[in-house]
Structure formats: C-alpha cells, structure tokens
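Asker: Following this message is one structure expressed as structure tokens.
The values are calculated or read from the model by the stated rules, or taken from the named source; none is laboratory data. Because the structure is predicted, anything quoted here is derived from the model rather than measured. Counting neighbours? That spans all protein chains shown, and the Cβs are built from the backbone with ideal geometry, glycine included. Heads up: the accessible areas ignore ligands, DNA and RNA and are worked out on the full protein's heavy atoms, side chains in. Shrake-Rupley method; radii C 1.70, N 1.55, O 1.52, S 1.80 Å.
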Amino acid sequence: MNTHSDALQATIDALVQRGKGLLAADESGPTIAKRFKTVGVESTEENRRAWRSLLLGTPGLGEFVSGVILYEETLGQCADDGEPLSSLAARQGIVPGIKVDKGKISLAHAPGDEITQGLDGLAERLGRYKEQGARFAKWRAVYNISSTLPSPLAIEANAESLARYAAICQEAGLVPIVEPEVLMDGEHSIERCAQVTDAVLHEVFHALHRHSIVLEHMLLKPSMVVAGKEHVPVNVTEAASQTVTVLNRTVPPAVAGIFFLSGGQTPEEATAHLDAINRIGRRPWPLSFSYGRALQEPPLKAWRGQAANVSEAQRALLKRARLNAAAAQARYSTEDESTS
Ligand code: 5MM
C-alpha cells in the first residue's frame, strides 16, 4: 500500500465536494502575457502577483471553489500583507495545487502532433512544491484534431507520459490531475471530436493501469465533446449527451472525480454545458469544473490592471464561480446570468 494513501485520500476529500470546482490559474509566462495583452496589461512579475492575489483573495471564493491550480512562480509569491499566496488560498478552504508539466513541443516524426515534457527531475521538484504547500499536481497533454490527427503515436506517447507523471505524483503523496485536452481549434464535427476523445481516453486509462495508478486517488480533467470552433455550433444538450457517452465508455467508475476544462468556450457556454452534463443520469463520478479562461475572463476585463477595479473584478469572479457551482449540481438557469 502507498505510504501516502491517507494523505492522498484527505486531498481527494477536500477537492471533491458537492457543488464546488477548481480554479485553473496556472498560465505559463507566454500564456498569461497573451491573456494580459487583451486588456492592455504588461506581464511583469508584479502584475502577475497582483492578479493572482486578487483571484485568491476574493472574499467567499471558498464557498464555490475547493482547489486552485497555480503556476510555479505563484507558489513563491506573497499577497500585499506578506502572506504567501498558497496560505491565502488555504485560509479560504481552497487547496493549493501546481502545474508541473514544462509545456508542449512538436512530437518528432509526427508532423502536427505535440508531446508534453517535464518528467526529468519531476520527483525532486514535487518534494519542493510540497514544502511550499502544494497538495496536488496537474499535467496537460494536448491533441490537435484534423482528419488524420492525432496520430496513434501521439495518442500513445502522451498517454504514457501522463501515466508516468501520475505515478510519480502518487508516490510523492500528491494527487495527480490528468488533463488530456482535445483542442477545439478547427472545423471538425462533434462526431470527429467524440471519436478522438474516445481513442485518447481509452489509451490514457490503459497507460494508467499499466503504471498501477490508484484511480480513487486521481482526478481527470478532460475537454468536453464539442464541434470545432469553425464548425456550425451544436446545441448544448447534444454536446452534453455526447460528452457523457464518451466518458461512460472510457472512464472507470473508480476515478474520484471529473473536472472539465473550458478550452476556449465562452464563460456562459462552459457553464451551460456543465449544467446540461449534470442533468444526464447514468454516470458514476462527480462532474464539476476546473476552468481557467471561463472563470477568469470576466474578472480580467473588469480589472484591467487597475487597483481601483479590484472589488469589481472579484465580484465578477465570484459570480462565475457561483454559477458554475450551481451547474455542477444541475441547478443553473440562463436567467441567473442577469444576477450580479
Ligand atoms: C490556465 O491554462 C493552463 C495551461 O497553461 P499553459 O498553456 O500556459 O501551460 C491550462 O492547462 C488550463 O489549466 C486548462 O486548459 C483549463 O483552462 P481553460 O482555459 O481551458 O478552462
């Protein structure tokens, strides 16, 4: 038995709570720069600290958010009063976690496919992150869709890396979040997305089994089954139905929870999809959110780098967190969007 079994279970219990989800605030340097640029904010260390202090300091956030995924830099940063940001989160009842992959690169001999790197030295890094307060980790694999992508090689190689990462995390006593993201970019149909997601998840769970991952002590962070961004949109109920069908066929019931990414959906779409998914019966796991953009876009637009806008931005974040928490319990209505 894993010597960390009790600690892993305690983290799972803290993260998987009815009506709560996760905040993904783990944007790497280039990604946060891109997000800041949309509102005219320069990506300096101080601005990133101010932004993430604002998010984690949102009063009442812990009512709807059970965990936050941080970027390495944030684990070492403090709020204005000197409190480490990971403690600020923990004081709100929000478990701090950390993105541990080192980003994606092209997969050699597989044009158009990508592979995520970061396994070398991972065990040592996890030891440091744990000392800094992290209790769970996250690794994202990315799959581009076309009529020929992803290749079987990309599906296999990424599954193997996800499983090796998850094993290293469990051995270190951190709960692994396994994130295979099938991208929305492109003009593919929802059927093609379903086909690819099915193949990806099938291979991921095969690899997790090969590496003896304790499914009860991991979380899955998948993309939803939706049509490509350039395709005619598919209605919310159909996307929810195809998402649950694929998950039922590929994800063992022992998995502790499924927390979706938003992947470029608008904040309202991501909430509506989560609600529709939770209205479908026949599914053994809690289904909630682990959104980045769909939680952060409205507060980022409200903030625009100005200290005077902090309260308004925090209200915008709290509203999205509250609506997504309702959606995780199939209690959201589009009319709730007009509430503040
Ligand atoms: C926050 O973005 C994370 C990845 O950032 P990098 O690309 O900079 O490494 C990403 O893994 C995120 O946690 C998930 O995709 C969820 O975010 P979205 O915006 O898709 O909900």
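Asker: Roughly how many whole Å is it from the C-alpha centroid of the range 224-260 to that of the range 124-180?
Answerer: Cα centres, the range 224-260 to the range 124-180: 20 Å.
Asker: Size of the dipole of the chain about the Cα centre, Lys and Arg at +1 and Asp and Glu at -1 on the beta carbon, nothing else charged, in debye to 20?
Answerer: 440
Asker: List, in order, the whole-Hz ³J(HN,Hα) value for each residue of the range 316-322 obtained from phi through the Karplus relation with A = 6.51, B = -1.76, C = 1.60 and θ = phi - 60°; use x for Gly and Pro.
Answerer: Going residue by residue, I get 5, 5, 4, 4, 5, 5, 5 Hz, with x marking Gly and Pro.
Asker: Semi-axes, largest first, in whole Å: what does sqrt of 5 times each Cα gyration tensor eigenvalue give for the range 230-340?
Answerer: So the equivalent ellipsoid measures 28, 14, 13 Å along its semi-axes.
Asker: In the range 34-72, which GluC sites (Glu not before Pro) are in a loop and have at most 11 other Cβ atoms within 10 Å, using DSSP for the loop call?
Answerer: Details: sites: Glu42, Glu45, Glu46, Glu63, Glu72; in loops: Glu42.
Of the GluC sites (Glu not before Pro), the ones in loops of the range 34-72 whose Cβ has at most 11 other Cβ atoms within 10 Å are Glu42.
Asker: Something else now. Could you tell me which GluC sites (Glu not before Pro) in the range 140-235 are loop residues by DSSP with no more than 13 other beta carbons within 10 angstrom of their beta carbon?
Answerer: Numbers: sites: Glu156, Glu160, Glu171, Glu181, Glu187, Glu191, Glu203, Glu216, Glu230; in loops: Glu187, Glu230.
Those that pass, being in a loop and sparsely packed, are Glu187, Glu230.
Asker: Less than 15 Å Cβ to Cβ from Arg283, Lys/Arg counted +1 and Asp/Glu -1: what total charge do the surrounding residues give?
Answerer: Charge balance near Arg283 sits at +3.
Asker: Calculate, for Ser5 and Ser189, the FRET efficiency according to 1/(1 + (r/R0)^6) with r their C-beta to C-beta distance and R0 45 Å; round to the nearest 0.05.
Answerer: With a Förster radius of 45 Å, E is 0.55.
Asker: Under the rule a/c < 1.5 gives rounded, and otherwise a/b versus b/c splits prolate from oblate, where does the chain land using the Cα gyration tensor?
Answerer: rounded
Asker: Amide H to amide H under 5 Å from Gly103: which residues, 5+ apart in sequence or cross-chain, H placed 1.01 Å off N in plane?
Answerer: For Gly103, the qualifying residues are Gln117.
Asker: Suppose a student asked you for the relative contact order of the range 77-163, using Cα pairs under 8 Å spaced at least 6 residues apart; what percent would you report?
Answerer: The value is 30 percent.
Asker: When the accessible area of the chain is computed with all protein chains present and a 1.4 Å probe, what percentage of it is carbon and sulfur?
Answerer: After summing per-atom areas, the C and S share lands at 51 percent.
Asker: Under a Cβ-Cβ cut-off of 13 Å, what is the net charge of the residues other than Gln92 that fall near it, where Lys and Arg count +1 and Asp and Glu count -1?
Answerer: 0
Asker: If you restrict to DSSP beta bridges whose two residues both lie in the chain, what percentage is antiparallel, to the nearest 5? The partial results should precede the final answer.
Answerer: Working: 4 of 32 bridges.
Roughly 10 percent of the DSSP beta bridges within the chain come out antiparallel.
Asker: Once you charge only the Cβ atoms, +1 for Lys and Arg and -1 for Asp and Glu, what is the size of the charge dipole of the range 99-146 about its Cα centre, to the nearest 20 debye?
Answerer: My answer is approximately 300 debye.
Asker: Would you calculate a helix-derived [θ] at 222 nm for the chain, using -39,500 (n - 2.57) for each DSSP H run of n ≥ 4 and dividing by the full residue count, to the nearest 500?
Answerer: Mean residue ellipticity, 222 nm, calculated: -14000 deg cm²/dmol.
Asker: Still on this structure: Please give the net charge around Glu203, taking every other residue with its beta carbon less than 12 angstrom from that of Glu203, where Lys and Arg add +1 and Asp and Glu add -1.
Answerer: -2
Asker: Choose one answer from Lys37, Lys301, Lys229: the residue with the largest mean-square fluctuation in a GNM of the chain with alpha-carbon springs under 10 Å.
Answerer: Taking springs between Cα atoms under 10 Å, the residue moving most is Lys37.
Asker: Which residue fluctuates most in the GNM of the chain (Cα springs below 10 Å): Thr237, Thr44, Thr116?
Answerer: Thr44
Asker: For a paramagnetic label modelled at 7 Å from the Cα of Thr38 toward its Cβ, which residues of the range 300-340 fall within the zone defined by backbone nitrogen distances under 13 Å?
Answerer: Within reach of a label on Thr38: 300-304.
Asker: Right, next: Check Val65: other-chain or 5+ apart residues with amide H under 5 Å from its amide H, H built from backbone geometry?
Answerer: Amide H to amide H, under 5 Å and 5 or more residues apart or across chains, Val65 pairs with Gly21.
Asker: Right, something else. Suppose we keep just the DSSP beta bridges with both residues in the range 1-134; what percent of those would be antiparallel, to 5?
Answerer: 30
Asker: Now a separate question. What ³J(HN,Hα) values, in whole Hz, does the Karplus curve 6.51 cos²θ - 1.76 cosθ + 1.60 give for the range 159-164 when θ = phi - 60°, with x put for Gly and Pro?
Answerer: Each residue of the range 159-164 in turn: 5, 5, 5, 4, 6, 5 Hz.
Asker: Taking only protein heavy atoms and a 1.4 Å probe, what accessible area per residue, in Å², does the chain have with all protein chains in place?
Answerer: Ligands and nucleic acids excluded, the result is 42 Å² per residue.
Asker: Could you grab the relative contact order for the range 5-338? Cα pairs under 8 Å, six or more apart, rounded to a whole percent.
Answerer: Answer for the range 5-338 is 18 percent.
Asker: Given the convex hull over the Cα atoms of the range 214-257, what projected area results after averaging over all orientations, in nm²?
Answerer: 3.5
Asker: Which percentage, to the nearest 5, of the DSSP beta bridges contained in the range 98-224 is antiparallel?
Answerer: DSSP beta bridges in the range 98-224 are roughly 20 percent antiparallel.
Asker: Follow-up. Compute from the Cα atoms of the range 144-279 the Rg and the Dmax, the latter being the longest Cα-Cα distance, and quote both in angstrom.
Answerer: So, for the range 144-279, Rg and Dmax equal 14.7, 45 Å respectively.
Asker: Determine the gain in length on full extension of the stretch Arg279-Ala330; use 0.36 nm per residue of separation and subtract their C-alpha separation, reporting nm with one decimal.
Answerer: Separation in residues times 0.36 nm, less the Cα-Cα distance, equals 17.8 nm.
Asker: Something else: Amide H neighbours of Phe260 under 5 Å, counting only residues 5+ apart in sequence or on other chains, H built in-plane at 1.01 Å?
Answerer: Ser288, Phe289, Ser290
Asker: Ranked highest first by average number of other Cβ atoms within 10 Å, how do 325-331, 268-274 line up? It would help to have the intermediate numbers written out before the result.
Answerer: Working: 325-331: 19.9, 268-274: 23.4.
Sorting 325-331, 268-274 by mean packing, highest first, produces 268-274, 325-331.
Asker: Something else: State, as an integer percentage, the relative contact order of the range 209-326 based on alpha-carbon contacts under 8 Å between residues 6 or more apart.
Answerer: 25
Asker: In Å, the Kirkwood hydrodynamic radius of the range 81-211 over pairs of distinct alpha carbons? Provide the component values of the computation, followed by the final result.
Answerer: Values: mean 1/r = 0.0630 Å⁻¹.
It works out to 15.9 Å.
Asker: Please state, rounded to one decimal and in Å, the Kirkwood hydrodynamic radius that the range 1-142 gives when every pair of distinct Cα atoms enters the mean of 1/r.
Answerer: Kirkwood radius, the range 1-142: 16.4 Å.
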